[in-house]
1. Of B:Pro161, A:Leu79, B:Ile6, whose Cα points farthest to the positive end of the dipole of the protein assembly as shown (charges on the beta-carbon: +1 Lys, Arg; -1 Asp, Glu; origin at the Cα centre)?
2. For B:Phe219, tell me the accessible area in Å² from a 1.4 Å probe, rounded to the nearest 10.
3. Report the label-to-label distance for B:Leu140 and B:His185 in nanometres (one decimal), using points 7 Å from each Cα along the Cα→Cβ vector.
4. Take B:His185, B:His54 and sort them by solvent-accessible surface of the protein heavy atoms, 1.4 Å probe, largest at the top.
5. Percent of Cα-Cα pairs more than 38 Å apart in the protein assembly as shown, please.
6. Beyond 26 Å, how much of the Cα-Cα pair distribution for chain B remains, as a whole percent?
7. Which cross-chain or sequence-distant (5 or more) residues have an amide H under 5 Å from the amide H of B:Arg57, H modelled 1.01 Å from N in plane?
8. Find out how many positive minus negative residues lie around A:Leu8, taking Lys and Arg as positive, Asp and Glu as negative, among other residues whose Cβ is under 13 Å from that of A:Leu8.
Amino acid sequence: MKLIQLILLTALLATLVSYFRWFRKPALDKVLVVGVGLAGMVFVIFPDSTTRIAGWLGVGRGADLLFYIAIVALTYLVLLLYSKIKKLESRVTELVRRQALLEAGRENPSGEVRP
Amino acid sequence: MTVQRIYIIVPVYNEAAVISATLQDLLGTGYPVIVVDDGSTDALPQILAGLPVHYIRHCFNLGQGAALETGMEEARRLGADAVVHFDADGQHAAGAVSVLLAPILEGSCDIVFGSRFLERSGAGQLPFTRRLVLQAARYLNYLFTGILLSDAHNGLRALGPLALQKIRLTQDRMSHATEILEEVHEYGLRYREVPVTIRYSPYSKAKGQSLLNSVNILFDVLFKKMQK
């Protein structure tokens, strides 16, 4: 197994686990975004650096390395959004339920039964 | 604890064709009925006019699990000791209510599940793929919850005082059936299955769950496990 395979596999796993365990703090999300942004800028300014890093890791070209990293990052992003949507859904449910319970009886089309 | 106040909860989403018959049938049992309108866009309010039911409406559709939880929350507010879950689509017979409640009333169970497979109660009419899905669901439920029921997805249930107090449904859609089992396991609730008859009509069959939806349920359950 090449070093890159090990790293990407670990990163994918860590993405899943860390996401559910720790990364729910927005601050950490921001650090991550800034980190990725800065790294991107460095690679743009020194394009050869990606090839060199790729060489160390056992990947042929720098572009391939970025491609692999992008896949991992996007996977993380999708999971992040999925979790946010789930959370929003549960809040919407809570809101709709409260409103429904408040209006129970008032919006009653028939006589309500209270034994 | 004696069980005195019992409510029947009927989640309804666009069931105008059959809801009237279902409710007439249920009101014959003498128990008060809570109808949870899960954002129906049909003429449900007009159909219910004049029927002595307790009506709650979600302003838009959330799913059956959410509707059941809203119904149970209302029942808790009304001081219920026990509730019965009953599908609106006309496939359950009102006679099942007393069968489900019997173990609760005698205090031997916290929660009672209806099963169409305990006795020869019409399960033979099920199409092969549905039976296959239900079998798979049984064992998946067992894997996740340690509880092996004969019928994984039966809408008929009775919850006694302890179950009503402990169980909170957070799975809005169809995954609540598995969620209930998880909570039964978690709180060590005493459960039992009783045989119930399901009447399959072309209408209720069309509303039955698809194979694809069981994949949804699997993912809902897995996701919830990972978040814990």
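The values are calculated or read from the model by the stated rules, or taken from the named source; none is laboratory data. On a predicted model such as this, the values are computed, not experimentally measured, just so you know. When we count neighbours, we look across all protein chains shown, and the Cβ atoms used for this are built from the backbone with ideal geometry, even at glycine. Only protein heavy atoms, including side chains, enter the accessible area calculation; ligands, DNA and RNA are left aside. Shrake-Rupley method; radii C 1.70, N 1.55, O 1.52, S 1.80 Å.
1. A:Leu79
2. Using a 1.4 Å probe on the heavy atoms, I get roughly 130 Å².
3. Rounded to a tenth, the inter-label distance reads 1.4 nm.
4. Output order, biggest surface exposure first: B:His185, B:His54.
5. Cα-Cα pairs in the protein assembly as shown separated by more than 38 Å: 30 percent.
6. Looking at chain B, the distances longer than 26 Å represent 32 percent of pairs.
7. Here the answer is B:Asp37, since their amide H atoms fall under 5 Å of that of B:Arg57.
8. Value of the local net charge: 0.
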